1. With a Förster radius of 30 Å, plug the Cβ-Cβ distance of ILE174 and ASP349 into 1/(1 + (r/R0)^6) and report the FRET value to the nearest 0.05.
2. Trypsin sites (Lys or Arg not before Pro), restricted to the stretch 220-277: which are DSSP loop and have at most 11 other Cβ atoms within 10 Å?
3. Kindly state, to the nearest 0.05, the FRET efficiency for VAL499 paired with TYR186, given R0 = 45 Å and r defined as their beta-carbon distance.
4. Using a ≥ b ≥ c from the Cα gyration tensor of the stretch 183-329 (square roots of the eigenvalues), is it rounded, prolate or oblate, where a/c under 1.5 gives rounded and otherwise the larger of a/b and b/c decides, a/b for prolate?
5. Going by Cα centres, the stretch 229-246 and the stretch 257-305 are how many Å apart?
6. Carbon and sulfur: what percent of the chain's accessible surface (1.4 Å probe)?
7. Based on the Cβ-Cβ distance from SER415 to VAL23, what FRET efficiency comes out when R0 is 56 Å, to the nearest 0.05?
8. Quick one: work out the % antiparallel among DSSP beta bridges in the chain, nearest 5.
Amino acid sequence: YFIFIQDFSKAMSQAGSSQFQEVIRQELEYSMKVELDKILATAHSNEIEHTKKDLEGFKKLFHRFLQEKGPSVDWGKIQRPPEDSIQPYEKIKARGLPDNIASVLNKLVVVKLNGGLGTSMGCKGPKSLIGVRNENTFLDLTVQQIEHLNKSYNTDVPLVLMNSFNTDDDTKKILQKYSHSRVKIYTFNQSRYPRINKETLLPIAKDVSYSGENTECWYPPGHGDIYASFYNSGLLDNLIAEGKEYIFVSNIDNLGATVDLYILNHLMNPPNGKRCEFVMEVTNKTRADVKGGTLTQYENKLRLVEIAQVPKAHVDEFKSVSKFKIFNTNNLWIALSAIKRLQEKNAIDMEIIVNPKTLDGGLNVIQLETAVGAAIKSFENSLGINVPRSRFLPVKTTSDLLLVMSNLYSLNAGSLTMSEKREFPTVPLVKLGSSFTKVQDYLRRFESIPDMLELDHLTVSGDVTFGKNVSLKGTVIIIANHGDRIDIPAGALLENKIVSGNLRILDH
């Protein structure tokens, strides 16, 4: 009897706490609705429609955020994907190409994620406008690649840029310079969502404006927003009406993400006759990629698992290169008709990423985001393709920039390929210190980019500059301690060297 009473009171208190949590949730949602209505009331008549859509989308995301607690995967259910669900690229390439590759290409649209700013590399404006090779920007190289395709095969592959409110104006100004290129370029904007105060869970914005001191009140909610924004822009329907069937989506800063005809052919002419609605390019992990999202089998579906979703006790296991051998490159091939179908049914399910930020004034906020690849589980007949590492060449830092500017790569029609003169196919490990973080500082420190064909590892720290025609081979470590400066003289050859101390080359 006593045990029964204990169990009953425990059950009641649990019910009470879940009821209490439900009441709090409802109050938070109501308060959020009141605040969002106030913000909407400040919109001009020409802004009301799209602001309303943005805030409706945010409300849905906020509702889900309040419902979900803790890591979103049950670690016990994670399994290795079945053998045939991740195909080796070699197998897909071995099928060759059909004679009518042009008709296959005409069904394709290239979409680049262009919402990011170059702030992490010390640049103002869109990241896609940073010069990466021979004065060419990420955007220049993208346009050159697609123009080359269209000229070579007499096709009409368009380029679509998903901009954010941060990048839209600057990007549109630049697009005028491509008006005579053989590429149709379209843009649409991802949503604009309000950042919320970490303590109160209410928006910090008081009105719809996002200039001046209000710039920090708003954010673009991650690339998972592509499905809703693409659909809402009307562009998705227009492209379907033109006979387009697949999009190839990638980050604009991944210089390895070029259109691959073998993968496209596999999508359009599947060997078993059943088309894939979603293909994710994955590649083998190295020690540098331990945080990348990985493909797993979960509840009989392929599922992307990101490090943020992993329970703390299993993070080391997730990072292990032996258990999870591959990671997501974010190069994705998706059927347009499937996006339309799922979007209309509100059936695209992506985990929420809670991204905490501290604003300049010290206020702690959170922004709710989603990732495009997380939707893989919502599509039918999904597939992973294990591609060569060369299809993943992101430029996130000036260390990456040094690699792509060097003679390790040659540039042809907008595409970078590893130089045949490099004897092994891996890229050297490059770590440039904080004096090189900003692009303008980095450029000032190299009179010309060193010869790196035989380099394995480069670490540079402190106040270091490089003269013209320097060659680096093997492992090179250059450390200028605080207050010291090292000038590597023009024409120097450094092979398996550690340089430290003070070395000034004075002009005579």
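The values are calculated or read from the model by the stated rules, or taken from the named source; none is laboratory data. Owing to the predicted nature of the structure, the values given are computational and were not obtained by experimental measurement. Backbone-built Cβ (ideal geometry, glycine too); neighbour counts: all protein chains shown. We work out accessible area using only protein heavy atoms, side chains counted, and drop any ligands, DNA or RNA first. Shrake-Rupley method; radii C 1.70, N 1.55, O 1.52, S 1.80 Å.
1. It comes to 0.25.
2. Details: sites: LYS244, LYS274, ARG275; in loops: LYS244, LYS274, ARG275.
Hits after loop and neighbour filter: LYS274.
3. Numbers: r = 50 Å, r/R0 = 1.12.
The calculated FRET efficiency here is 0.35.
4. Working: a/c = 2.18, a/b = 1.14, b/c = 1.91.
Oblate.
5. So the two Cα centres are separated by 23 Å.
6. Carbon plus sulfur share of accessible area: 51 percent.
7. My answer for the efficiency is 0.45.
8. Values: 36 of 84 bridges.
Taking every DSSP beta bridge with both residues in the chain, the antiparallel ones total about 45 percent.
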